[in-house]
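Let me begin by handing over the structure; questions about it come next.
Every read-out reported here was derived from the displayed coordinates using simple, explicitly stated rules and does not represent laboratory data. The structure displayed is predicted, hence computed values, not measured ones. Virtual Cβ from ideal backbone geometry, glycine too; neighbours counted across all protein chains shown.
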Amino acid sequence: MLIAQLADVHLGHRQYGLEDRLEDYNRAFLRAVDEILRLREGEGLDTVIISGDFFDTQRPAPSIYVTAIRGLTRLREAGIRIFCIRGNHDASVINPMENPLTVLHSMGLIDYLDNDYRDLGGVRLIGVGTVYTDMQNKLVNSINSLRGNGINIAMIHQYIEGAPYVYPMPNVDVFMINEKPLSQLNLDYIAVGHIHEHGLRHPRLNAVYPGSLEIWDAREFEVYEYVNGKLRKVKDTDLKGFLVLDVGSNGVRVRQVRLGPSRRLVRVRVRYEEAKPSVVRGDVSYIASNMDSKGSLIILEIEGAVSSGYSTRDFSVNELRRLFSRAWVDIRLNLERRGAEEAPRQVFGGINEIIRQALRSRVNNDEWVNALMDVIERVRVDDEDGAIATLEKLVNVPLRGGRAITDWLGGGR
């Protein structure tokens with residue numbers, strides 16, 4: 001039996017707020033459908049599983065539903081069965097009953113599994129939706145109760161402890177599951193989602209991440225450095241695609257199916273010991289002459305120190321951006337004036353890192369900082385009960401009533 005495993009399709013994701021990038025995610029899914037149909041014709045593939053985050057939001061726009069229906073209909077008309085679980089983007093972890101996957105299920109386009117299973121000949125396919133880290137025992141117990149006598153494949157959308165990802169995601173620790181309890185289930189394969197790196201294998205479990213179908217993180221871009229008047233390639237664009245599972249008497253073997261990016265995505269890094277406006281403009285002009293192609297997306301990172309006699313105000317991002325006419329370009333100017341004592345440079349780690357550093361500046365206690373970050377993430381995904389539970393554990397006082405709140409504030413009777 002051949003099964004295509006997809007995950008993290010994220011239909012509706014508008015990267016950098018660009019309509020073109022939203023369409024890139026749509027096209028990536030439809031390209032995957034084309035490839036699956038070729039595998040159906042050439043090798044007899046008859047099943048697709050989607051390990052969570054098919055949609056980017058719990059409330060996709062009508063146009064996103066149209067793309068989903070278009071692709072799924074082509075697969076179903078070819079006789080391909082489609083099974084799907086919810087990821088943390090598809091639905092609320094605490095209240096998952098209403099989510100866009102149930103709409104597709106009611107239309108007969110997918111078979112939506114949540115704490116349920118389907119038997120495909122001698123293969124049992126078990127589906128369990130995303131849980132928070134502190135709820136992982138519920139996930140493990142559910143899988144254990146659903147196991148069959150043949151080959152068992154579990155679909156989950158979690159970070160499995162020990163998987164050696166390259167690019168950290170801000171909520172890895174929020175949706176983590178420990179390796180040991182999973183290994184004790186003796187599953188033949190874990191069809192896992194949540195980490196976006198294509199083909200990431202767990203070192204000890206038979207668990208592989210297909211990754212997102214389209215580039216998700218700027219660190220996955222093609223990267224160049226501009227040194228001594230020349231552009232030097234540092235890395236290629238990261239690979240994207242899905243997996244094919246070959247399920248037989250010998251268990252489950254996995255191979256990768258790679259899909260090319262929808263457009264050229266490039267990061268260019270330039271570093272100056274003494275930056276002068278005329279030199280920077282000349283260097284950016286050279287970079288534009290080599291990189292400014294229609295449809296490309298370029299992130300230009302200019303870093304270093306400003307030459308004596310100049311101010312950071314002498315460098316105009318808008319003027320530099322106008323040197324590009326065909327590509328979409330994001331110029332990130334990070335130049336500093338030299339001082340008597342130069343402060344250590346800070347590396348930007350995303351909005352979560354900004355919040356974490358702000359909390360640490362006020363709260364000198366890592367346990368409190370981590371708990372407050374967990375509360376923020378739970379509030380973001382509408383998990384009010386989970387947020388309150390975390391706070392209750394932190395302060396060791398029940399917070400679900402006026403009397404308890406009064407007691408906590410020292411005003412109890």
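Roughly how many debye, to the nearest 20, is the charge dipole of the range 91-152 about its Cα centre, given +1 on each Lys and Arg Cβ, -1 on each Asp and Glu Cβ, and no other charges?
Using only the charged Cβ atoms, the result is roughly 200 debye.
Just how large is the dipole of the chain about the Cα centre, in debye to the nearest 20, putting +1 at every Lys and Arg Cβ and -1 at every Asp and Glu Cβ?
That gives a dipole near 700 debye.
Run down the aspartates and glutamates and flag those whose C-alpha is under 14 Å from the C-alpha of K393, throwing out any fewer than 8 positions away in its chain.
K393 reaches D134, E367, D374, D385.
Mean separation of Cα pairs under 8 Å and 6+ residues apart, divided by the residue count of the range 1-77: what relative contact order is that in percent?
On the way: 86 pairs, mean separation 36.0, N = 77.
Reported as a whole number, the value is 47 percent.
What percent does the relative contact order of the chain come to when contacts are Cα pairs within less than 8 Å and at least six residues apart?
Working: 773 pairs, mean separation 49.4, N = 413.
Computed over the chain, the figure is 12 percent.
Pairing the Cα long axis of helix 19-43 with the longest principal axis of the chain, what angle in degrees results, from 0 to 90 and rounded to the nearest 10?
Helix 19-43 and the main axis of the chain meet at about 40 degrees.
Quick one: helix 277-291 against the long Cα principal axis of the chain, what's the angle to the nearest 10°, folded into 0 to 90?
40
Roughly what percent of Cα-Cα pairs across the range 166-214 reach past 16 Å?
43
Still on this structure: Below 11 angstrom from the Cβ of A163, what's the summed charge of the other residues (Lys, Arg +1; Asp, Glu -1)? The partial results should precede the final answer.
On the way: positive: R201, R204; negative: E161, E179, E197.
Net charge in that neighbourhood comes out at -1.
Within a Cβ distance under 9 Å of L213, other residues only, what is the Lys/Arg minus Asp/Glu net charge?
So the surrounding residues net to 0.
Whole Å is fine, so just give me how far the alpha carbon centre of the range 185-245 lies from that of the range 66-145.
23
Around D46, what is the net charge, scoring Lys/Arg as +1 and Asp/Glu as -1 over all other residues with Cβ under 9 Å from its Cβ? Please report the intermediate quantities before stating the final value.
On the way: positive: R40, R81; negative: none.
That works out to +2.
To continue, here is another question. Does anyone have the angle between helix 136-146 and the longest principal axis of the chain? Alpha-carbon axes, 0 to 90°, nearest 10?
40
What aspartates and glutamates does K233 reach when the alpha-carbon gap must be under 14 Å and sequence neighbours fewer than 8 apart in one chain are set aside?
Hits, sequence-local ones excluded: E220, E222, E225.
Which of H10, G44, A32 sits farthest toward the positive end of the charge dipole of the range 4-60, with +1 on the Cβ of Lys and Arg and -1 on the Cβ of Asp and Glu?
Towards the positive end, the residue furthest out is H10.
Follow-up. With a ≥ b ≥ c the root eigenvalues of the C-alpha gyration tensor of the range 1-53, is it rounded (a/c under 1.5), prolate (a/b larger than b/c) or oblate?
It is oblate, given that a/c is not under 1.5 and a/b is not larger than b/c.
Still on this structure, please answer the following. Kindly provide the helix-only [θ] at 222 nm of the chain, computed as the sum of -39,500 (n - 2.57) over DSSP H runs of four or more divided by all residues, to the nearest 500 deg cm²/dmol?
-9500 deg cm²/dmol
Restricting attention to the range 249-315, which trypsin sites (Lys or Arg not before Pro) occupy a DSSP loop and are surrounded by at most 13 other Cβ atoms within 10 Å?
Sparse-neighbourhood loop trypsin sites (Lys or Arg not before Pro): K294.
Right, another one. List the lysines whose Cα sits under 17 Å from the Cα of K138, skipping any in the same chain fewer than 8 residues away.
Partners found: K180.
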